[in-house]
Amino acid sequence: MPAHSSFDYAIIRVVPRVEREEFINVGVALFCTTQRFLGVRVELDEARLKALSPDVDLDTVRGHLESFRRVSEGGKSAGPIGQLPQKERWHWLVAPRSTILQTGPVHSGLSQEPQKALEHLMDTVVRVKHAR
């Protein structure tokens, strides 16, 4: 049985009006050094965001979220940041910022499969389960 690896993760938030400090969780960034894994999963619930901030520019938000995904994958399409080593891209993703797109504090966990841990975090902190 494969050993568990430690990983760090941060919740990605959309803060439509920074001065109000209201946000919705829209994704997770996860980094596992030992397995050389850096992943970002994002699911924007546009209706929830519009309920929080009716005048939010959804195209702008989608563009910023897409840049997070591109940086996590790396490569030329992510610009100069995307060409940095994986660990430096992780630090860029979770750096404190006071913009519409922010990450929460970094937390740690253990998993044999970082991709499954990422999906589990999406289920528990991002996806809203609606009552039937």
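Taking Val61 as the residue in question, decide whether it is crowded, with 19+ Cβ neighbours inside 10 Å, of a type outside the set (Asp, Glu) and without any contact (Cβ under 8 Å) to a residue 40 or more places away in the chain. Against the criterion (crowded, with 19+ Cβ neighbours inside 10 Å, of a type outside the set (Asp, Glu) and without any contact (Cβ under 8 Å) to a residue 40 or more places away in the chain), Val61 does not qualify. In the set (1) over 23 Å from Asp123 (Cα atoms); (2) of a type outside the set (Asp, Glu); (3) in contact (Cβ under 8 Å) with a residue 60 or more places away in the chain, the condition left unmet by Pro54 is number (3). When the residues of segment 73-126 are filtered to those that are among the hydroxyl-bearing types (Ser, Thr, Tyr) and out of contact with any His (no Cβ under 7 Å at 6 or more places or on another chain), the one that is least open to solvent (accessible area, probe 1.4 Å) is Thr103. Pairing each residue of segment 34-47 that is more than 14 Å from Gln112 (Cα to Cα) with any residue that is of a type in the set (D, E, K, R), provided the two are 6+ apart or on different chains, yields C-beta distances under 6 Å for Val40/Arg69.
Check segment 90-103 and report whether any residue there is closer than 30 Å to Arg20 by Cβ and charged (D, E, K, R). Steps first, please.
Going through segment 90-103, the residues closer than 30 Å to Arg20 by Cβ turn out to be 90-103.
Checking the rest, the ones that are also charged (D, E, K, R) come to 97.
So far as segment 90-103 goes, yes, one or more of its residues are closer than 30 Å to Arg20 by Cβ and charged (D, E, K, R).
Pull up segment 26-58, narrow it to residues that are among the acidic types (Asp, Glu) and closer than 14 Å to Pro16 by Cβ, then point me to the one that is least open to solvent (accessible area, probe 1.4 Å).
The initial filter retains those residues of segment 26-58 that are among the acidic types (Asp, Glu), namely 43, 45-46, 55, 57.
Then keep just the ones that are closer than 14 Å to Pro16 by Cβ; that gives 45-46, 55, 57.
Values: Asp45: 52, Glu46: 70, Asp55: 125, Asp57: 81 Å².
Among them, the one singled out is Asp45.
The values are calculated or read from the model by the stated rules, or taken from the named source; none is laboratory data. This is a predicted model, so every value here is computed, not measured. Here the Cβ is made from the backbone with ideal geometry for all residues, glycine too, and neighbour counts use every protein chain on show. These accessible areas exclude ligands, DNA and RNA; they are computed on the full protein's heavy atoms, side chains included. Shrake-Rupley method; radii C 1.70, N 1.55, O 1.52, S 1.80 Å.
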